[in-house]
1. I need the full set of residues from region 122-150 which are touching a residue at least 40 places away in the same chain (Cβ under 8 Å), of a type in the set (D, E, K, R) and over 26 Å from Tyr321 (Cα atoms), in order please.
2. Are there any pairs, at least 6 apart or on different chains, whose C-beta atoms fall under 9 Å, with the first in region 262-291 and touching a residue at least 40 places away in the same chain (Cβ under 8 Å) and hydroxyl-bearing (Ser, Thr, Tyr) and the second part of a helix (DSSP H, G or I) and open to solvent by 50 Å² or more (accessible area, probe 1.4 Å), and if so, which?
3. Mind listing whichever residues of region 111-137 are over 21 Å from Thr334 (Cα atoms) and touching a Pro at 6+ places or on another chain (Cβ under 7 Å)?
4. Scan the helices (runs of 4 or more DSSP H) fully inside region 297-381 and keep the ones with 2 or more residues being closer than 30 Å to Pro91 by Cα.
5. Applying the selection to region 293-326, what residues are without any contact (Cβ under 8 Å) to a residue 40 or more places away in the chain and among the β-branched types (Val, Ile, Thr)?
6. Looking at region 246-296 only, could you name the residues that are on the phi > 0 side of the Ramachandran plot and open to solvent by less than 50 Å² (accessible area, probe 1.4 Å)?
7. Go over the candidates Thr317, Thr275, Thr294, Thr334 one by one and state the one that is closer than 17 Å to Phe139 by Cβ and away from the ligand (no atom under 16 Å from the Cβ).
Amino acid sequence: MEFRDLKKQYQILKADIDKAVGAVCASAHFISGQEVKELEAQLAEYVGVKHCITCANGTDAISIALAAWGIREGDAVFVPDFTFFSSGECPAGEGAMPIFVDVDEETYNMDPLRLEEAIQKVREEGTYEPKAVIAVDLFGQCADYGRIRPVCDKYGLLMLEDAAQGFGGSIRGKMACSFGDIATTSFFPAKPLGCYGDGGAIFTDNDAWAKLIRSLCVHGKSGEDKYNNIRIGRNSRLDTIQAAILQVKLKVFQEYEVDAVNQAAQWYDEALKDTGVKLPLVKEGYISSWAQYTVQLPQKADREALQGKMRSLGIPTMVYYIKPMHLQGAFEGTKSAATECPVTERLCKTVLSLPMHPYLRKEEVGIIAEVFKTCLEECKQ
Ligand SMILES: *Cc1c(COP(=O)(O)O)cnc(C)c1O
């Protein structure tokens, strides 16, 4: 069994994907071909935002957004402590100080109360100037924007939505990637909408930022002229072949894949409800795109042994994430741990992600759940 079955997806989409890739090869417009422009328009429409600028990966997307805002040394950027490394790596890469904020135990997303505490603490200390918040839509569920946005407004902070895992999710019909002043996503193969290599995108309603971001993605070009360089940028583009693949995949993503992962999550919820593990909670009015189906094991369960037993029975599992951001070696000795993050520390010891993708069948979820239950019993210490 695969953790995320990309082979099965390809079998189903093979005819369309092969045709799309073949067309790009025939045209030989491998960089900035028409498929890239078309995809950007389709993504912007799907998300409900004015501008979409594709780029080389989700990490670049965050860095470019921060660069467009002029985030730099001396600035504080607030980031959840429980996330993939990029969310904190990017502000640090721009010279700013990431300040890690604890998360909500139920949703795994940034806790708005802890955010406000962290902002106040940084303001009092006076070493760094609070500039922006990077809210992450972890495991497919949007962060609590109804409560994070007012905090950003109150302290005059820009809000970046890191929707690398959230693409396809929504809150009361408003789509992920439409909540941030700028939002970013990733098309890494295992993300909710993945391509066949690296890829990313940046979304904003702001015309001036969109123009600046387009320039930053292509060597600081002026307008459409790549050889008239008016600022220092970088080379960060989505390949035309990847755009062509994404056009095929976006179609089925909209048509049935998001529904399919929600169905699979429901099967899991039903099959695991009496096991004593904490099941993932999707808040009222929210739709998740289920980048991960992540449960919390009882404290006394031996997670490593459980994973080993399940693996030996053919069921892959993953731990996202094993280390809080503030404990990563790269941030050792910095002021990034301005406040305590006990929830994240606990989650890192208890979370376990089960296989999740749109092509999971009900029988497979049943088998995973049975194996999980049996192995868990054996791994309670
Ligand atoms: C995957 C991921 C990224 C980075 O995306 P890449 O395309 O791999 O660079 C950033 N933030 C989060 C939360 C992610 O999960």
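The values are calculated or read from the model by the stated rules, or taken from the named source; none is laboratory data. Model, not experiment: these values are computed from the prediction. Virtual Cβ from ideal backbone geometry, glycine too; neighbours counted across all protein chains shown. Surface areas here come from the heavy atoms of the whole protein model, side chains and all, with no ligands, DNA or RNA. Shrake-Rupley method; radii C 1.70, N 1.55, O 1.52, S 1.80 Å.
1. Glu125, Glu129, Lys131
2. Thr275/Lys373
3. Once the filter is applied, which keeps residues that are over 21 Å from Thr334 (Cα atoms) and touching a Pro at 6+ places or on another chain (Cβ under 7 Å), region 111-137 yields only Val136.
4. Values: elements: 303-312, 342-350, 362-378.
Filter on region 297-381 gives 342-350.
5. Pass one, region 293-326, residues without any contact (Cβ under 8 Å) to a residue 40 or more places away in the chain: 304, 308, 311-312, 319, 322-323.
Within region 293-326, Val319, Ile322 qualify.
6. Gly285, Trp290
7. Thr317
Matching residues to (1) among the small types (Gly, Ala, Ser); (2) within 16 Å of the ligand (Cβ to nearest atom); (3) touching a strand residue (DSSP E or B) at 6+ places or on another chain (Cβ under 9 Å):
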| residue | (1), (2), (3) |
| --- | --- |
| Leu43 | no, yes, yes |
| Lys50 | no, no, yes |
| Ala56 | yes, yes, yes |
| Ile62 | no, yes, yes |
